[in-house]
Amino acid sequence: MAKLVVFYSRADENYFNGGYRYITVGNTEKVAKAIAEAVQADLFKLEQKIPYAADYNTCIEQAKTDMRAKARPELVSMPDSLDGYDEIYLGYPNYWGDMPMAVYTFLEKFDWNGKIIHPFCTHEGSGLSGTERNIQKVCKGASVTKGLAIQGSSVDNARAAIEKWV
């Protein structure tokens, strides 16, 4: 069976080691592409129909509002089916100990029975937090493996850690 890397990532202004920097490719996307290459997986990017602001501080206020409301932002597109995949690598940035709400939009759409989910996240100090448990709660019937947490500011030097994990 084929493998799929599904990820949510944000470029624009990001937080790195106490400061802000504009990036054109999000940290989680960089990790997702490295995983897809290492395991020969298909790649699918989750994108919100109404994206958060490019400005970091505005973005985090929007994301916090969605989190408090347990919103499920509409996505630009979704895979038609996951039937052809038995392993899903699921990537996201850690937002205050949880996944972005858009990831829940994706997870709640599919039947996860018999699937293996490999979670990975980028963060600036929080690691995976409780996201592995959150995935297991939403994805009934799936097997959720031990995830990989990569500090966003060190993504460009994380290839060895990524390859060891996969």
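Couple of notes before you dig in:
- Label zone at residue 39 (point 7 Å along Cα-to-Cβ), backbone N below 20 Å, the stretch 87-104: 87-94, 99-100, 103-104
- Loop-located trypsin sites (Lys or Arg not before Pro) in the stretch 82-166, at most 12 other Cβ atoms within 10 Å (DSSP): 109, 140, 146
- Straightening the chain between residue 132 and residue 53 buys 25.7 nm, computed as 0.36 nm per residue apart minus the Cα-Cα spacing.
- Global form of the stretch 64-160, assessed from the alpha-carbon gyration tensor, a/c cut-off 1.5: oblate
- Charged-residue dipole, Cβ positions (Lys, Arg, Asp, Glu), the chain about Cα centre, Debye nearest 20: 380 debye
- Computed from backbone phi, the HN-Hα couplings of the stretch 80-88 come to 5, 7, 10, 4, x, 10, 9, 10, 10 Hz, rounded to whole numbers (Karplus: 6.51 cos²θ - 1.76 cosθ + 1.60, θ = phi - 60°; Gly and Pro given as x).
- For the chain, the share of accessible area belonging to carbon and sulfur comes to 47 percent (1.4 Å probe, ligands and nucleic acids excluded).
- A prolate overall shape is assigned to the stretch 44-110, the ratio a/c of its alpha-carbon gyration tensor axes (a ≥ b ≥ c) being 1.5 or greater and a/b exceeding b/c.
- Computed over the stretch 1-81, the P(r) tail beyond 14 angstrom holds 69 percent of alpha carbon pairs.
- Neighbour count of at most 16 Cβ within 10 Å plus DSSP loop: longest GluC sites (Glu not before Pro)-free window in the chain: 1-46
- Computed over the stretch 1-122, relative contact order equals 32 percent, with contacts defined as Cα pairs under 8 Å that lie 6+ residues apart.
- Where 65, 24 fall by accessible area, highest first, once all protein chains stay in place (1.4 Å): 24, 65
- Applying a DSSP loop filter and a limit of 14 other Cβ atoms within 10 Å to the trypsin sites (Lys or Arg not before Pro) in the stretch 1-104 leaves 49, 70.
- Set of lysines with alpha-carbon distance to residue 30 below 17 Å, sequence-local pairs under 8 removed: 45, 164
- The chain: most fluctuating residue of 126, 153, 81 per GNM, C-alpha cutoff 10 Å: 81
- For the stretch 66-96 and the stretch 106-122, distance of Cα centres in Å: 8 Å
The values are calculated or read from the model by the stated rules, or taken from the named source; none is laboratory data. None of the values given here were measured: they were computed from a predicted structure. Here Cβ is always computed from backbone atoms with ideal geometry, including for glycine, and neighbour counts include all displayed protein chains. Protein only, heavy atoms only, side chains kept; ligands, DNA and RNA dropped before computing areas. Shrake-Rupley method; radii C 1.70, N 1.55, O 1.52, S 1.80 Å.
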